[in-house]
Every structure is written in structure tokens, then in C-alpha cells.
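Novice: First the structure, then my questions, so here it is.
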Amino acid sequence: MATREDVSIVQATQKDIDLLSRLIRDGFADVANRFGLTPQNCPKHPSNYTHEWVEKDLERGLRYFILIADGTAVGCVGVERATETTCYLERLAVLPQLRGIGYGSQLTQYALTQAEAMGATEVGIGIIAADSGLKAFYQSLGFEAGPTKRFAHLPFDVAFMRIFFDHGMISGGSLSARD
């Protein structure tokens, strides 16, 4: 396990596109296996992510961040502005063999800090509704469960979650959720 001094989070650039697509694919492969998602029944699932998809993400303004531990990229997260006050947390991925160490929490907190710096007061995310472990993870970070929706192009329901914060509420790496 890497110590706090061995971990850094950096903003991704164009040169990181192949690394990002690999981190996202590898980080979501076990999710695809657990829920029976294939390129045929869920072609847009992150387990199928490509170089071109990351390029399009960057072109539309999504900002990716990469967590590096002991000199190795082990996870990533994206932040996308939706409205003036809302951002979306996108494609949080940590390599499966390195989960449970706190990297996902670190990436999420970093993304929330970035969203606040962009002027957001709310950050939303959509997850597979049946993924109770992921829902519990986000709730432990202050996200609130919202509505669940079925989309015709997806073989699962999507649960929406969000966290609210007021500017200046992030300090010491923690975020205070609004009641």
C-alpha cells in the first residue's frame, strides 16, 4: 500500500488518452462481468472505452484526473460541467486489484474540489441501480440517493445520486454535505 506521500493526482492531457481508455476499461471490466454487460447489450459501457471516446470527452470539456501511486497510474476520474452550478462526476475507475486502499475516495474528493473550483454547488452521478456496494460507497462520501430511471438503450436501471455543497465548505480533503 502506498503512503500518502507516494500518491499524487494530476490533470490528464492529450498524451494520456491511451492510458485513460485503458484505466477506464480495466476499472469497469469487473462491473461488466458482474452485471452481464457485453459490447452487444451495452456498447457504451465504460468497459468498452476507446481512445476515440476519451478524445470526444476531452473535446466537449470533460476534465480527467489520474491518481498515481508509487509511480504507477492506478485510477482516474472525470469532472464535467453540466450547468453553471452543476458538475457531473464521470468514470471513476480504480484498478480492481487496488481497491479498498482509499484511492476511489481520494479521486472522488479531488473531483469534488475541482467541481467547486469550477463554481459548482452540486455534483451528480449516475450508477447501476443494482450496484448496492457502489451506492453505499458514494453515500459514505455524502452523496444522496435520488431517482432511478430506465433507459431503453441500457440493460439496467440507472440510479442518480448527488451531493450539495456551499463554497468554502471543502477543507482538509473533506466535503460537508448540505442538509
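The values are calculated or read from the model by the stated rules, or taken from the named source; none is laboratory data. Everything numeric in this text was worked out from a predicted model, so none of it was measured. All Cβ positions, glycine included, derive from the backbone under ideal geometry; neighbour counts span all protein chains shown.
Novice: Return yes when Ala2 is at pLDDT below 95 and surrounded by 12 or more Cβ atoms within 10 Å (Cβ to Cβ) and no when it is not.
Specialist: yes
Novice: Another question, if that's okay. At pLDDT 95 or above, surrounded by fewer than 17 Cβ atoms within 10 Å (Cβ to Cβ), within 26 Å of Arg162 (Cα to Cα) and among the hydroxyl-bearing types (Ser, Thr, Tyr): does that describe Ser21?
Specialist: Taking the combined requirement at face value, the residue does not satisfy it.
Novice: Hey, another quick one. Which condition breaks for Val74 when tested against (1) more than 24 Å from Asn33 (Cβ to Cβ); (2) surrounded by 21 or more Cβ atoms within 10 Å (Cβ to Cβ)?
Specialist: Against the list (1) more than 24 Å from Asn33 (Cβ to Cβ); (2) surrounded by 21 or more Cβ atoms within 10 Å (Cβ to Cβ), Val74 comes up short only on (1).
Novice: Next up: Which count do you get for residues in region 111-131 that are free of Cβ contacts under 8 Å to residues at least 24 places away in the same chain and in contact with an Asp or Glu (Cβ under 6 Å, 6 or more places away or on another chain)?
Specialist: Of the residues in region 111-131, 0 are free of Cβ contacts under 8 Å to residues at least 24 places away in the same chain and in contact with an Asp or Glu (Cβ under 6 Å, 6 or more places away or on another chain).
Novice: Is it true that Arg99 is surrounded by fewer than 20 Cβ atoms within 10 Å (Cβ to Cβ) and of a type in the set (D, E, K, R)?
Specialist: yes
Novice: How about region 25-110: which strands (runs of 3 or more DSSP E) wholly inside it have at least 1 residues that are in contact (Cβ under 8 Å) with a residue 40 or more places away in the chain and farther than 20 Å from Gly124 by Cα?
Specialist: Once the strands (runs of 3 or more DSSP E) in region 25-110 are filtered for at least 1 residues that are in contact (Cβ under 8 Å) with a residue 40 or more places away in the chain and farther than 20 Å from Gly124 by Cα, what remains is 63-69, 72-81.
Novice: If you check Gly133 against the conditions, is it more than 24 Å from Ser47 (Cα to Cα) and surrounded by fewer than 16 Cβ atoms within 10 Å (Cβ to Cβ)?
Specialist: Considered against the rule, which asks whether it is more than 24 Å from Ser47 (Cα to Cα) and surrounded by fewer than 16 Cβ atoms within 10 Å (Cβ to Cβ), Gly133 comes out as no.
Novice: Taking the criterion of being under 12 Å from the mean Cα position of the chain (by Cα) and over 20 Å from Thr13 (Cα atoms), would at least one residue in region 82-103 satisfy it?
Specialist: yes
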